[in-house]
There are 4 protein chains.
Amino acid sequence: MAEKNEFFKSKIVRDFTKDIEQYHLGPLWDAIPDLMHRQPTPQAEAYLWKWKTLYKKLMEATEIFTPERGGERRAIYFQNPGLTYRKPWGWASTTQTLYAAVQLILPGEVAPSHRHSQSALRFISQGKGAYTIVQGERIFMEEGDYLITPKGLWHGHGHPGDEPMIWMDCLDIPTIYSIGGTFFDPYPDGIEQPKVPDNYSSQRYEGGMVRPISDREPKIAPLGSYKWKQTEAAIQGLKRFDPDPYDGYAVEYINPSTGKQANPTISAWMQLLPKGFHSKAHRHTHSTIYHVYKGSGYSIINGVRFDWESGDFFVVPNWAWHEHVAEKDSYLFSANDLPIMERFDVEREEAYEENNGFQQVTDEFQPVFV
Amino acid sequence: MAEKNEFFKSKIVRDFTKDIEQYHLGPLWDAIPDLMHRQPTPQAEAYLWKWKTLYKKLMEATEIFTPERGGERRAIYFQNPGLTYRKPWGWASTTQTLYAAVQLILPGEVAPSHRHSQSALRFISQGKGAYTIVQGERIFMEEGDYLITPKGLWHGHGHPGDEPMIWMDCLDIPTIYSIGGTFFDPYPDGIEQPKVPDNYSSQRYEGGMVRPISDREPKIAPLGSYKWKQTEAAIQGLKRFDPDPYDGYAVEYINPSTGKQANPTISAWMQLLPKGFHSKAHRHTHSTIYHVYKGSGYSIINGVRFDWESGDFFVVPNWAWHEHVAEKDSYLFSANDLPIMERFDVEREEAYEENNGFQQVTDEFQPVFV
Amino acid sequence: MAEKNEFFKSKIVRDFTKDIEQYHLGPLWDAIPDLMHRQPTPQAEAYLWKWKTLYKKLMEATEIFTPERGGERRAIYFQNPGLTYRKPWGWASTTQTLYAAVQLILPGEVAPSHRHSQSALRFISQGKGAYTIVQGERIFMEEGDYLITPKGLWHGHGHPGDEPMIWMDCLDIPTIYSIGGTFFDPYPDGIEQPKVPDNYSSQRYEGGMVRPISDREPKIAPLGSYKWKQTEAAIQGLKRFDPDPYDGYAVEYINPSTGKQANPTISAWMQLLPKGFHSKAHRHTHSTIYHVYKGSGYSIINGVRFDWESGDFFVVPNWAWHEHVAEKDSYLFSANDLPIMERFDVEREEAYEENNGFQQVTDEFQPVFV
Amino acid sequence: MAEKNEFFKSKIVRDFTKDIEQYHLGPLWDAIPDLMHRQPTPQAEAYLWKWKTLYKKLMEATEIFTPERGGERRAIYFQNPGLTYRKPWGWASTTQTLYAAVQLILPGEVAPSHRHSQSALRFISQGKGAYTIVQGERIFMEEGDYLITPKGLWHGHGHPGDEPMIWMDCLDIPTIYSIGGTFFDPYPDGIEQPKVPDNYSSQRYEGGMVRPISDREPKIAPLGSYKWKQTEAAIQGLKRFDPDPYDGYAVEYINPSTGKQANPTISAWMQLLPKGFHSKAHRHTHSTIYHVYKGSGYSIINGVRFDWESGDFFVVPNWAWHEHVAEKDSYLFSANDLPIMERFDVEREEAYEENNGFQQVTDEFQPVFV
């Protein structure tokens, strides 16, 4: 069904199509081949962004954008080359469903609080001293921490420290936008003031699979910050056993009051690929945005080799064959849209069977260096 | 935040934007105003399609498209004028999330079976004698019937009768497409053959809120066809009491094994607006596609009057103020994306408070007649 | 493990048991054989109560118990002979988990409203003219109707008609009692007064698997009364196809806003066993209380034949082999505790494999006639 | 309604009751006062068992019960004095819904594997070196560890170490028994042999609210053992903030794949009451069995003071007013039936309002010392 036969390209058919277009009508047979393919054929493409470029451009941005001049959040986002057709929307997102960015905040700066119907996550790449304030809790951020701001929660940032901080942002903006569900409110009065002790929630979850009794009722964000120290300990625990053939030593951040992913619509992982690890290839409906927290190596995505090192970002689109190779011990943080696929019951997974599970490299990605 | 200030239009900013674009990077401050509006501002617009036009074009299509020439389904779909920017996808959908069409099948024709990760519904406008076959059950269709084909079920159509049949189709194609979750399979061998008695499921649900005991475990489609006779009886029962101020006498088709809407992602309603009924205005996150099954009247959508009569279709986009007025007893069938909004917890509703709940008519929609 | 060996009957062991008893301690080895059997061995037994006896005793009760003398509800309940050991509780229930009774109300009588943490159901055996009032809705009762009063809802009865009415009651009293969850409140002021039109809910559900749109949010009792006329139509619809091998033509009453059984903890069925039908035997964890609404026949329960006719009640305890034989077209109403078994994930079912699925009759139950 | 009036005690009524009893019928008016009280009035009573007694009797039991003589599990259970009426069942349980015991295993002993439809938990009081094997994983037990054996999982114990081990057991035996849902299977061949590395599950959860990706699908017991070291760290984290007014610093053990309590039907807590802490009094539907892991103090239950010290066990029955006072820093482990109350939606909580939230002590419990 994916191919239109000759008849459908004939003049009589093209004339009919043109005729009904004036009534804002379209022929199914014209749309079907593009819409109902056998398997996901996303517009989003595999791509990789270099940390050097990102860092340089963020630094340049500090010269141009200052709080006084507006620009609440100094964030540069990843435009998937395959999604530029969405430009009529005014922008191109990072995957079909997710938006990701790097954000830089300087000492002394403040990003006023707001809230929105999109859910957000943050992964801290570099620096320290800044905080985000969510639900009245100032959460001070350190490298390797994972933070969440699920839909509907007020959040702002401040930086009483003394060095620049850089983090990754990821939101489900494209999804909420495409269904028409966007709501946004600025906080009435700049940045929200603290209502509970600093780092309250992470200090209440300092050990074990136990939960303060007051968090028994499901909450949207009982724990706002997942500290690197604990995540690392978890991965070191896992490391005593065999790695997952596709993902090495990988954990998912969870909401302790539901057991689901910490953020309603986005799952986030930390995974360790030990030096020399070469995963098997597979593909799945959901797409993933990776951030190399530490290490170096490469991934093969639909036959193309993408070399990565610390700080880089790359995208594995829906249903793309992919495998990872670590040249050093490598920690990858990633955000994926599996929870969205599950909402529509379209998640599938397939192992790469040929060649003992390893793809042939047919091309190498050439990053654009600054 | 929705408005960019002067600084963001300055040359230095525009230059920076242009510079980073070469690295497939974009500035958040550029995207935000378009993406994070205070309330839903869908691209989809209110629109109305006249039955006369649809009928004429469907009839013309019978001259051109025949089963021998390909074209499995003779369907013409509704292109929302606001969504033509999506044309790079090859098509424009009916709302942000839904696709709707009218389909005509002639006696003797067969539409081969297939299945897909999108969910479909059908509402029978006109004619009789054709069947759809779903899960091995031939379901003969009559005017006013509502049928479902949830995701993953094989379905095909045949027409052993002797008059043309026309129905409305509605699918969640744009949603599944935008997240990258499309799977499609043609049936290996033309149209599936019957495995259970004809009209099996609807005959097992001929009365009351009772369920055959074998359907206790949740099923995706225990009941495939909702007969008009029963739906009408339900509405006549409701009619003894006060109408809903926004929707008159309205019922939702449900899956008897879950209590949720019959189709996983699309809710469908039948509603009676009695002659003279003038609803209050309100708006909600979800969008709706209406099909006038019987009657005539008009709806006011964001101040614009849309006159409708039997057979017409019209769209109320997300978050649009709307109210209905019936000039005759009118039955409206409708499909909406509330279940999608609920999956993302973005459904909100707001009553129109001014002017005692009634909008001022500021314009009248001029339909394009054939 | 179910049998204690000789050692455990020795003096040294018995002495130890006696010794620790003074400290309110018991030996596990003593309790285990009674508590951890291979399969359910309920104390509840199969039993049958004759309508003639019930009717006579209810009539006698009208002479003794009058509203003036107290006795809000003139109900006689079924004491399972196997559960009389529970008498220290002051009563014996009908099954391990359920209490059932027949209740008679005379014209002019009123049963004041109350509410409790137990859920109740009612099936109307005989008579007309009385109403129950639940959630402010007077529901007039007719033969064959099924009514629910889930936990926490105020309910009372009145009888403005002119003939005695008899119905079956069934509640989860033993279950709520055994866990210690009983709460009860008398209505502050006699019987609740109507707040909505009479028979409001059943008139809102007069056809099809459709639901008034206002009932989309799950409710504990959107529909309070399931009319016989509709239930009968459903069963006649089913009758066109093959019967269930164990249960003939059987339907379960459902809550239209959840798709679950109408009452939270008790499932209720109506089933038709056509004349001459002889079901296969099986057993399952849950227990069932049957009321013969119409017809006659017999059931074989663990090899014992129980003859029944219109009006009789009988019990199939947990895990008992049972099969039914209809001598006339027979409608059986029944209440079971499957929803309780499901809450603890202990439901299992087993087909009787020997003798082509039919038990040998080893005994016949001799009812105690009045 | 809780009190029967004079009429119901009259001869005519008593005669009627006696008359219908022969037909296994009972009068509702006789049962109601006992069954439908305003609030829970459990038969279970508050009670306390002294460690010294338990220890001495367990030691005596080692002289009598040896694996050769039978007696798979050397466990002595707590008989609630208020539940001895249940003796016809052959035993009295600890609360209405739960059974608890202390179990002792000597070096070299083995308890063969079995499985059952009841769920079990274990809390390690004393000793080390023994393991339990669940789902093929040998879990070595240390003081303060919490272990689970949810329904249906094979489990057995072995002791390759060199000192006696004592732990607390708790199961939902009374609940499963009372509904008639007991299934039990001995393992075909003694004790199950290891299939995964020792302590596999606890080593996979060594830090943070993160979960190995393979445990995303809900599992009944992804984590089998909750190590004391981590639980203690969690409580120390909590200790930086204000204590819960009723329960000090308290955490609940959770299943990381569902966010619910670790065991399906029983919730387990560890709580620290710092020296000098005096909680406010409250009551709730659910009942609790406490084990004093460390420390000393007393609890006031329905006005009666129960002094406790390390190793003791005590019961707070349903709906009993209770408050705790710590004389030393005290760690209390506890098991409660809140998940059962939630299944029936009967959980309620009430603060003690009089006397600023503190009960008057009206009596002191006198423990029976050995």
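Over both sides of the B-A contact, add up the buried accessible area with a 1.4 Å probe and give it to the nearest 100 Å².
Summed over both sides, the interface buries about 8400 Å².
For a bin width of 5 Å, list the pair-distance distribution of segment B:135-183 built from all Cα-Cα distances, rounded to whole %.
All Cα pairs, binned at 5 Å, distribute as 4, 14, 23, 23, 16, 11, 7, 2, 0 percent.
After finding the eigenvalues of the alpha carbon gyration tensor for the protein assembly as shown, what semi-axes result from the square roots of 5 times each, listed largest first in whole Å?
55, 46, 30
Could you work out which residue, out of A:Phe358, A:Phe183, A:Phe313, moves most in a Gaussian network model of chain A, that is, has the largest mean-square fluctuation with Cα springs under 10 Å?
It is A:Phe183.
Between C:Phe369, C:Pro339, C:Ser117, whose Cα lies farthest towards the positive end of the dipole of chain C when Lys and Arg beta carbons carry +1 and Asp and Glu beta carbons carry -1, centred on the Cα centre?
It is C:Ser117.
Magnitude of the Cβ-charge dipole of segment C:39-364, K/R +1 and D/E -1, about the Cα centre, nearest 20 debye?
Approximately 420 debye in magnitude.
Given a Förster distance of 45 Å, report the FRET efficiency between D:Asp162 and C:Lys18 from their Cβ-Cβ distance, rounded to the nearest 0.05.
After rounding to 0.05, the efficiency reads 0.85.
If the cut-off is a Cα-Cα distance under 19 Å, which lysines reach B:Lys195, setting aside same-chain residues fewer than 8 apart in sequence?
B:Lys219, C:Lys239
In angstroms, what radius of gyration and Dmax does segment D:157-218 have, counting Cα atoms only?
Expressed in Å, the Cα Rg and Dmax of segment D:157-218 come to 17.1, 41.
Charges only on Cβ, +1 for Lys and Arg, -1 for Asp and Glu: so what's the dipole of the protein assembly as shown about the Cα centre, in debye to the nearest 20?
In total the dipole reaches around 0 debye.
Test of the criteria: in segment D:1-65, which trypsin sites (Lys or Arg not before Pro) are in a DSSP loop and have at most 16 other Cβ atoms within 10 angstrom of their Cβ?
Within segment D:1-65, the qualifying trypsin sites (Lys or Arg not before Pro) (loop, at most 16 other Cβ atoms within 10 Å) are D:Lys4, D:Arg38.
Can you tell which of A:Ser257, A:Gly207, A:Ala351 lies farthest toward the positive end of the dipole of segment A:204-361, using +1 and -1 charges on the Cβ of basic and acidic side chains (Lys, Arg; Asp, Glu)?
The residue sitting farthest along the positive end of the dipole is A:Gly207.
Any idea what the B:Val110 label distances to the other copies are, label 7 Å down the Cα→Cβ vector, nm, shortest first?
Copy-to-copy label distances for B:Val110: 6.6, 7.0, 7.4 nm.
When you have a sec, figure out the Kirkwood radius of segment A:267-351 from all distinct Cα pair distances and drop it here in Å to one decimal?
So the Kirkwood estimate lands at 12.9 Å.
Report, to the nearest whole %, how much of the accessible area of the protein assembly as shown belongs to carbon and sulfur atoms, 1.4 Å probe, protein only.
With neighbouring chains kept in place, the figure for the protein assembly as shown is 48 percent.
In percent, how large is the relative contact order of chain C, given Cα pairs closer than 8 Å and 6 or more residues apart?
16
Could you list the square roots of 5 times each eigenvalue of the Cα gyration tensor of segment D:85-217, that is, the equivalent ellipsoid semi-axes, sorted largest first and rounded to whole Å?
Taking √(5λ) for each Cα gyration eigenvalue gives 26, 19, 16 Å.
Run the quick spin-label model on D:Tyr187 and B:Asn356: label points 7 Å from Cα toward the beta carbon, then report their separation in nm to one decimal.
Here the modelled spin labels are 7.9 nm apart.
Provide the per residue accessible area, probe 1.4 Å, for segment A:102-202, rounded to a whole number of square angstrom.
28
Using the Karplus curve 6.51 cos²θ - 1.76 cosθ + 1.60 with θ = phi - 60°, what ³J(HN,Hα) values do you get for each residue of segment D:262-268, in whole Hz, with x for Gly and Pro?
Along segment D:262-268, the couplings run 4, 9, x, 10, 10, 9, 10 Hz.
Give me the three principal axis extents of segment B:28-156 from the C-alpha atoms, as integers in angstrom, largest value leading.
Projected onto the principal axes, the Cα atoms of segment B:28-156 cover 58, 33, 29 Å.
As I understand it, the value is the acute angle between the Cα axis of helix C:228-238 and the longest principal axis of the Cα atoms of chain C; what does it come to in degrees, rounded to 10?
Between the helix axis and the principal axis of chain C, the angle is about 70 degrees.
Which of the pairs B:Lys52/B:Lys294; A:Lys18/B:Lys52; D:Lys56/D:Lys151; C:Lys151/C:Lys227; A:Lys229/A:Lys328 have their Cα atoms more than 24 Å apart in this structure?
D:Lys56/D:Lys151
Between 0 and 90 degrees, rounded to the nearest ten: what's the tilt of helix B:11-21 against the longest Cα principal axis of chain B?
Around 40 degrees separate the two axes.
Using a label point 7 angstrom from Cα along Cα-to-C-beta, what distances in nm, from shortest up, separate C:Glu354 from the other copies?
Spelled out, the distances from C:Glu354's label point are 6.0, 6.3, 8.2 nm.
Using the Karplus curve 6.51 cos²θ - 1.76 cosθ + 1.60 with θ = phi - 60°, work out ³J(HN,Hα) for each residue of segment A:246-255 in order, rounded to whole Hz, and write x for Gly and Pro.
Working through the residues one at a time gives 9, 10, x, 9, 10, 10, 10, 6, 10, 7 Hz.
When every alpha-carbon pair in chain A is counted, what percent end up more than 28 Å apart?
Summing the P(r) tail past 28 Å for chain A gives 48 percent.
With θ taken as phi - 60° and the coefficients 6.51, -1.76 and 1.60, list the Karplus ³J(HN,Hα) couplings across segment A:137-151 in order, rounded to whole Hz; mark glycine and proline as x.
Listing the rounded values in order: 10, 6, 10, 7, 9, 10, 4, x, 6, 10, 10, 10, 9, x, 3 Hz.
By the scheme Lys and Arg +1, Asp and Glu -1, what is the net charge of all other residues having a beta-carbon under 13 Å from that of B:Gln271?
-2
Distances in nm, one decimal, shortest first, from C:Lys56 to the same residue in every other copy, taking the label point 7 angstrom along Cα→Cβ.
Spacings between copies for this position, smallest first, are 6.2, 8.3, 10.4 nm.
Name the residue farthest towards the positive end of the dipole of segment B:106-208 from the options B:Ile148, B:Gly129, B:Leu106, assuming +1 on Cβ of Lys and Arg, -1 on Cβ of Asp and Glu, about the Cα centre.
B:Ile148
List the residue from chain A whose beta-carbon is nearest to the axis that rotates chain A onto chain C, together with that distance in whole Å.
Axis relating chain A to chain C; nearest Cβ residue and distance: A:Pro218, 8.
The values are calculated or read from the model by the stated rules, or taken from the named source; none is laboratory data. In this text, all values refer to a predicted model and were calculated from it rather than measured experimentally. With ideal geometry, Cβ positions are generated from the backbone for all residues, glycine too; neighbour counts draw on all protein chains shown. The area values use the complete protein model at the heavy-atom level, side chains included, leaving out ligands, DNA and RNA. Shrake-Rupley method; radii C 1.70, N 1.55, O 1.52, S 1.80 Å.
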